[in-house]
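First comes the structure, then the notes that go with it.
The values are calculated or read from the model by the stated rules, or taken from the named source; none is laboratory data. Treat the numbers as computed from the prediction; the structure is a model and nothing was measured. As a convention, Cβ positions derive from the backbone with ideal geometry for all residues, glycine included, and neighbour counts pool all protein chains shown. All accessible areas refer to the heavy atoms of the entire protein, side chains included, with ligands and DNA or RNA removed. Shrake-Rupley method; radii C 1.70, N 1.55, O 1.52, S 1.80 Å.
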Amino acid sequence: MDSTEGIRRTLGRVGIAASVATFALIVFGGIVRITGSGMGCGDDWPLCNGQLIPPMDLPTAIEYGHRLAALLVSAFVGAVALFAFLVRRHDSSAAVVTGTGSRLWRLAVSAVALLIVQIMLGAVTVWLELPPASVILHLGTAMLLLAVLIVIASEAYGPGRQRVNDRASRVAWWTSLATLAVILLGALTANLDAGLACQGFPLCNGQLLPGSEGNPLIHSHWAHRVAAYALVAWCLILPATIRKRRPGDPGLGGPARATAAVAVLQLAVGAAMVLMSLPGELRAAHVGLGAAVFVAAVRLAWVARYPASD
């Protein structure tokens, strides 16, 4: 193994660690919201209640822990950028294949840029005392950062793959974008406190078309739920759809089935959450499984776009 390959594999391991840390940060952010701890450090940033290490009650400890987790993610992203730079220095190839120094460096720069935006949005969110729009943008940026880190790890461990732009790859990428849209609709519903606006499951307050009185909370909740139903239905036929569009690629079956399985589990947890009046444990699981569906969809999209060579 030459030095470039060794550094690339190290980058792959750091990319996986950064992805796991970012996933955990997203779930942690959900816990902050669920427990009402978003203002646990007051409207101070980067300090917490005016101090570097403040006195701790439970909300402060949760919010402070979230900030420490964000610091850990920042360190991992910095390490990703460092190793991507080292790969680039040893590999000047500009070929349009995965895992080259130039591609990995561009992806790492994108991750750093998203991290900076994420930090700025986090500060603005605290300063403005958690407006829903800022909270949703904060989550959306975190999801995009997670996607880029997954792609970096995938490229580092799967170098030399040629890009394929066919119907299978386009279907997979649109699935990942649809998953992100459903997650952001869910964030809107949660931040509007619309979780209980639709009682019952699968209908909303016993109706297929609820909210005739124009209640925006009902509309928000029902829009998220209908989008989730559509996404799960699509994920269930996704393995067959992908296989039909690219019958000669057995590497797509596993990621497609994984996406479908996690989507179904997420729907089951969402149903239980509504029927049990939003217990905190299920709400946290719902956040985590939503992010897991996105992870599976992004990985599927990358494998579809850059299939393994025969």
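Quick notes on this one:
- Relative contact order [Cα under 8 Å, 6+ residues apart], the range 1-65, whole percent: 28
- Entry note, the chain: the mean residue ellipticity at 222 nm calculated from DSSP H runs of n ≥ 4, each adding -39500 (n - 2.57), is -25500 deg cm²/dmol after division by the residues and rounding to the nearest 500.
- On a per residue basis, the convex hull of the C-alpha atoms belonging to the range 1-159 measures out at 101 Å³.
- Across the range 276-283, computed HN-Hα scalar couplings (Karplus, 6.51 cos²θ - 1.76 cosθ + 1.60, θ = phi - 60°) run 9, 6, 6, x, x, 4, 6, 5 Hz from first to last residue, x flagging Gly and Pro.
- By the Cβ distance rule of under 4.7 Å, the chain has these cysteines without a partner: CYS235.
- Spatially, the range 160-201 and the range 60-126 are offset by 23 Å when compared through their Cα centroids.
- Per-peptide average of other Cβ atoms within 10 Å, ordering 64-72, 243-251 highest first: 64-72, 243-251
- Sequence-distant contacts, meaning Cα pairs under 8 Å at least 6 residues apart, place the relative contact order of the range 1-145 at 27 percent.
- Within the assembled protein chains, the solvent-accessible surface assigned to PHE294 is about 10 Å², based on a 1.4 Å probe.
- Note on the chain: with a GNM built from Cα contacts shorter than 10 Å, the maximum mean-square fluctuation among ASN205, ASN215, ASN191 falls on ASN215.
- Value of relative contact order over the range 62-120, rounded to a whole percent, pairs C-alpha under 8 Å and six or more apart: 30
- Residues whose amide H falls under 5 Å from that of VAL97, counting only those 5 or more places apart or on a different chain, are absent, with hydrogens built in the peptide plane.
- Taking every protein chain into account, the accessible area of the range 146-205 amounts to 43 square angstrom per residue (probe 1.4 Å).
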